[in-house]
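To keep things clear, I will list the structure first and then write my remarks on it.
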Amino acid sequence: MKISIIGSGYVGLVSGAGLAEAGHNVLCMDVDENRVEQLRRGQSPIYEPGLDEMLANNTQRGLLVFTASMREAVNHAEAVMIAVGTPPQEDGSADLSHVLAVARDIGDYLEKPALVIVKSTVPVGTCDRVRAEIQRQLDKRGTDIGFSVASNPEFLAEGVAIKAFMNPDRIICGVEDDESKQLLREMYAPFSHKHDKMMFMDVRSSELTKYSANAMLATKISLMNEIANIAERVGADIENVRQGIGSDPRIGYSFIYAGPGYGGSCFPTAVRALSHTAGEYGFEAELLNAVEEVNNRQKTRLFQVLQTHFGNDLAGRSIAVWGLSFKPGTDDMREAPSTMLIEALLDAGASVQAHDPEAGGEALKVFRGREGFSLHDDPYAAANGADALVLVTEWKLYWVPDYAKLAERMKHKVLVDGRNVWQRDLSVKHGFTCHAIGRPSISTPMVKQP
Ligand SMILES: NC(=O)c1ccc[n+]([C@@H]2O[C@H](COP(=O)([O-])OP(=O)(O)OC[C@H]3O[C@@H](n4cnc5c(N)ncnc54)[C@H](O)[C@@H]3O)[C@@H](O)[C@H]2O)c1
């Protein structure tokens with residue numbers, strides 16, 4: 001099948017590479033000409049494990065091609081997939097300008113019948129707006145070309161995106177006619193072979209399914225962070241609580257880790273946008289608003305821990321930060337908890353020595369020119385002379401630090417484990433004080449702090 005994908009970011013590229021891997025003939029389009037040139041040279045503009053190889057293989061097989069021409073993309077295929085960004089706006093709503101701009105372009109260039117598939121995460125009702133926008137442009141041209149619009153939200157998670165795309169739990173499709181259903185079945189047949197993963201429903205339910213999945217996961221995280229804050233106050237350990245409740249199959253172990261708050265492009269946008277949509281329909285989504293508020297507060301937690309430790313005076317302190325991306329396995333720093341922490345530290349007069357195995361390039365875009373921010377190639381170099389080391393993103397290379405090496409290099413032996421992954425009793429043997437999230441801080445000799 002010939003498929004065009006408009007927008008070659010995390011979702012567009014993974015989908016394009018995955019569909020080409022399954023034997024489809026895919027054209028990936030992007031307005032960013034530099035990005036297209038880079039892709040044509042065989043370089044991926046994003047870091048995603050396994051993506052480079054998959055792009056290279058399928059480009060060589062001639063099944064994956066890149067273009068900056070919208071006209072070419074719209075007419076290449078029987079299915080045109082929209083995978084452009086939908087970032088949050090000031091008022092919490094999703095910015096649909098890119099999606100609607102693509103819809104207008106489709107209306108301007110469409111020459112033959114096609115199925116337009118909205119893969120971007122969008123508020124309920126967006127597919128209707130996409131359909132209206134395309135029709136308006138066709139009417140302007142005085143042409144009458146048949147087209148349908150389907151919703152097909154993406155559930156991949158950065159860091160494990162290839163695996164998630166190639167092996168989906170489910171493939172949600174919101175369709176308005178049988179032909180669209182048939183085409184989507186054909187497109188995803190290689191991904192649905194073992195057992196039927198396709199779930200067809202009406203378009204609005206499909207749109208709402210995606211936001212609901214993100215909102216549910218974000219809610220689990222915020223609830224756990226809320227309980228972690230209670231645990232700190234009552235002298236309990238959130239790690240014991242986590243394992244205690246995770247063993248209940250109705251709850252499960254996923255997404256119940258306390259930490260520095262969720263980030264990325266998906267959860268924050270979905271929670272805000274869903275609440276915003278509810279508001280447009282006269283309904284106040286109180287729980288969603290609380291999820292967002294708890295998360296915003298939690299993003300200040302690591303800074304508070306440092307402030308408390310250093311007597312509310314961080315001026316002149318040097319803080320090492322391990323992990324900058326919003327989660328391991330990606331270089332994506334959108335709404336990453338590290339950003340808020342680093343901004344707060346720099347504003348308080350501290351300097352920041354950071355390390356991340358993949359997000360250095362993105363970090364330089366965010367912090368370039370900010371006095372006091374430095375990026376290091378080696379995690380231990382980042383810890384040199386530091387007053388404290390904070391673990392923000394739990395990349396595997398940080399899980400078992402060489403505490404002796406850290407003790408030699410750091411000025412003060414203060415650790416803040418923002419992900420509750422360090423073996424704190426080991427760190428204490430090397431003389432560290434170790435703070436964590438939702439757990440009593442420990443130091444030598446082991447003392448419980450209120
Ligand atoms: N990143 C994720 O983990 C993830 C997972 C599921 C769903 N989503 C959703 O998928 C959508 C895309 O997310 P992403 O992370 O891939 O975004 P991204 O920012 O990585 O990529 C978007 C791409 O679209 C391009 N673009 C913007 N306007 C365009 C236009 N008019 N024509 C052609 N190209 C255009 C941009 O240049 C960019 O390369 C969003 O709605 C997001 O919420 C993302």
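The values are calculated or read from the model by the stated rules, or taken from the named source; none is laboratory data. Predicted, not measured: the structure shown is a model, and the values here were computed from it. No Cβ is skipped: glycine too gets one built from the backbone with ideal geometry, and neighbour counts run over all protein chains shown. What goes into the accessible areas is simple: the full protein's heavy atoms, side chains included, and nothing from ligands, DNA or RNA. Shrake-Rupley method; radii C 1.70, N 1.55, O 1.52, S 1.80 Å.
Rolling a 1.4 Å probe across the protein heavy atoms gives the chain an accessible surface of 43 Å² per residue. When the chain is treated as a GNM, springs tying every alpha-carbon pair under 10 Å, which of ASP30, ASP417, ASP128 comes out with the largest mean-square fluctuation? Between ASP30, ASP417, ASP128, it is ASP128 that shows the largest mean-square fluctuation. Working note: Cα gyration tensor of the chain, eigenvalues times five, square-rooted, sorted largest first, giving semi-axes of 44, 24, 20 Å.
What translational diffusion coefficient, in µm²/s and rounded to a whole number, does the Stokes-Einstein relation yield for region 257-301 at 10 °C and a viscosity of 1.306 mPa s, taking the hydrodynamic radius as the Kirkwood radius over Cα pairs?
144 µm²/s
What FRET efficiency comes out for ALA157 versus ALA407 if R0 is 25 angstrom and r is the Cβ-Cβ distance? Round to the nearest 0.05. Given R0 = 25 Å and the Cβ-Cβ separation, E is 0.10.
Between helix 10-21 and the chain there is an angle of about 60 degrees, using the helix long axis and the longest principal axis of the Cα atoms. What is the percent carbon and sulfur in the accessible area of the chain, measuring with a 1.4 Å probe over the protein chains and ignoring ligands? Result for the chain: 51 percent of the exposed heavy-atom area is carbon or sulfur.
Short to long, the 5 Å bins of the Cα pair-distance histogram for region 336-450 hold 2, 11, 21, 25, 20, 13, 5, 2, 0 percent of all pairs.
Qualifying GluC sites (Glu not before Pro) in region 111-164, where qualification requires a DSSP coil assignment and no more than 12 other C-beta atoms within 10 Å, comprise GLU111. From helices alone, the chain scores -13000 deg cm²/dmol at 222 nm; the rule is -39500 (n - 2.57) for each run of n ≥ 4 DSSP H residues, then divide by the residue total. For the options MET199, MET54, MET340, a Gaussian network treatment of the chain with springs between C-alpha atoms closer than 10 Å singles out MET199 as fluctuating the most. Scaled to the globular estimate 2.2 N^0.38 Å, the Cα spread of region 37-173, given as radius of gyration, is 1.14. Normalised by residue number, the volume inside the convex hull of the Cα atoms of region 281-392 is 126 Å³ per residue.
Cross-link pairs exceeding 32 Å in C-alpha to C-alpha distance, out of LYS396/LYS429; LYS197/LYS299; LYS112/LYS365; LYS181/LYS365, comprise LYS197/LYS299; LYS112/LYS365; LYS181/LYS365. With all protein chains in place and ligands, DNA and RNA left out, the 1.4 Å accessible area ranks PHE200, PHE255 as PHE255, PHE200, largest first.
Between ALA236 and ALA132, the simple label model (points 7 Å from Cα in the Cβ direction) yields a spacing of 4.9 nm.
In a fully extended conformation the segment linking SER374 and THR300 would gain 24.5 nm over its present Cα-Cα distance, using 0.36 nm per residue. Only protein heavy atoms count here; under a 1.4 Å probe, LEU208 has an accessible surface of about 70 Å².
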